[in-house]
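> One structure follows; several queries about it will come next.
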Amino acid sequence: MTGFTPETKEFYDEIGWRIREGRTVDAILFGDRETGPLRAALRRQRLDRVRAALQRAGEGLNLIEAGCGGNPSMDLLDLCSHYTGVDISTTGLDLAEERLREAGVPFVLREADVCDLPFEDESFDAAYSAHVIYHILDPEAQRAAFCEIARVVRPSGVAVLILANPLPLLFPIRLARRLAATSARVSGLLDRIRRKPPLPFRPMPLGWMREQLAPFGEVTLACHALESVWFNQHVSERRRVGRLLWRAAEIAERRHPGRLTRLGSFVQIVLRKA
């Protein structure tokens, strides 16, 4: 099954993984617009949670990253004896190869869709996929992606997925828009009046995502990031109010990631395969 639209592949081949002023267009559109100590602390906390989950599969991991694009997860490579990256974008894989050559970890890159991974069952100790599956519009294709990622992980292995929360309670305006989008009539009206986003975006309900992985083993959900992309790019920690908000997010995520699952914009889903 194919999950991503031809337009998505074209975007990343022709635009998203191109370099402008030292950054990829993907990073310009969806990444940080400023740096600072509070953001750095949040990134470390989030990375530590991902690393801790992956390390449940053991040491010297044979790891697959599903949807690595041009930005493979370099901060996970020290956990790996071998790294495999999969993506639909030829341009992204070329950029990933440049970055991985300097890492000193054996690696393989494959152009493939996460809905149809070209690997045997139980080929990997662990799998990682961040901000990928919710760009697939068809729920059945998303289901296939979950199943494929679980399929290629060995028993007692781990899959860590970073995905969007479709109904973030902390952001009532965004929540209202998402609820409105579930109505075909309202969704059609919104499509006519709003600017078309650069990529498809269809986060599925948290319970639905859990159900796709539950047949494969133990599934846990926790908050990955409270803030939305808009908040990240428009609320500065250099200003007093922004600094207070970023500090509150850092403390909340550190102390109560499990309780914040439905509040924030992004979730971490961990499968410990039976």
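The values are calculated or read from the model by the stated rules, or taken from the named source; none is laboratory data. These figures come from a predicted structure and were not determined experimentally. Here Cβ is always computed from backbone atoms with ideal geometry, including for glycine, and neighbour counts include all displayed protein chains.
> Is at least one residue of segment 51-58 charged (D, E, K, R) and under 26 Å from ARG254 (Cα atoms)?
Yes; the residues of segment 51-58 include at least one that is charged (D, E, K, R) and under 26 Å from ARG254 (Cα atoms).
> Scan segment 233-274 for residues that are farther than 20 Å from TRP208 by Cβ and β-branched (Val, Ile, Thr) and report the count.
Of the residues in that region, 3 qualify.
> What do you reckon, is ALA145 within 20 Å of GLU59 (Cβ to Cβ) and either of a type in the set (A, V, I, L, M) or assigned to a loop (DSSP other than H, G, I, E, B) (or both)?
No: the conditions fail for ALA145.
> Does SER187 satisfy the condition of being farther than 19 Å from PHE30 by Cβ and at pLDDT below 95?
It is true that SER187 is farther than 19 Å from PHE30 by Cβ and at pLDDT below 95.
> Which of the residues belonging to segment 222-265 are within 19 Å of the chain's Cα centre (by Cα) and assigned to a loop (DSSP other than H, G, I, E, B)?
Of everything in segment 222-265, those that are within 19 Å of the chain's Cα centre (by Cα) and assigned to a loop (DSSP other than H, G, I, E, B) turn out to be LEU226, GLU227, SER228, PRO257, GLY258, LEU260, THR261, ARG262, LEU263, GLY264, SER265.
> Shifting gears a bit: Quick check on my filter: what residues within segment 83-104 are surrounded by fewer than 21 Cβ atoms within 10 Å (Cβ to Cβ) and over 14 Å from ASN71 (Cβ atoms)?
Hits for segment 83-104 are THR90, ARG101, GLU102, GLY104.
> Kindly indicate which of THR220, THR182 is among the polar types (S, T, N, Q) and modelled with pLDDT of 95 or more.
THR220
> Looking only at helices (runs of 4 or more DSSP H) that fall completely inside segment 4-101, which ones have 1 or more residues that are at pLDDT 95 or above and farther than 26 Å from ASP113 by Cα?
37-54
> Looking for whichever is in contact (Cβ under 8 Å) with a residue 24 or more places away in the chain, within 28 Å of LEU63 (Cβ to Cβ) and in contact with an Asp or Glu (Cβ under 8 Å, 6 or more places away or on another chain) here; the options are SER129, SER156. Which one fits?
SER129
> If I filter segment 17-30 for residues that are surrounded by 18 or more Cβ atoms within 10 Å (Cβ to Cβ), under 17 Å from SER129 (Cα atoms) and among the acidic types (Asp, Glu), do I get at least one hit?
The answer is yes; a qualifying residue exists.
> Another question about this same structure. Could you list, in sequence order, all residues of segment 105-140 that are crowded, with 16+ Cβ neighbours inside 10 Å, within 12 Å of MET204 (Cα to Cα) and aliphatic (A, V, I, L, M)?
Result: ILE133, ILE136.
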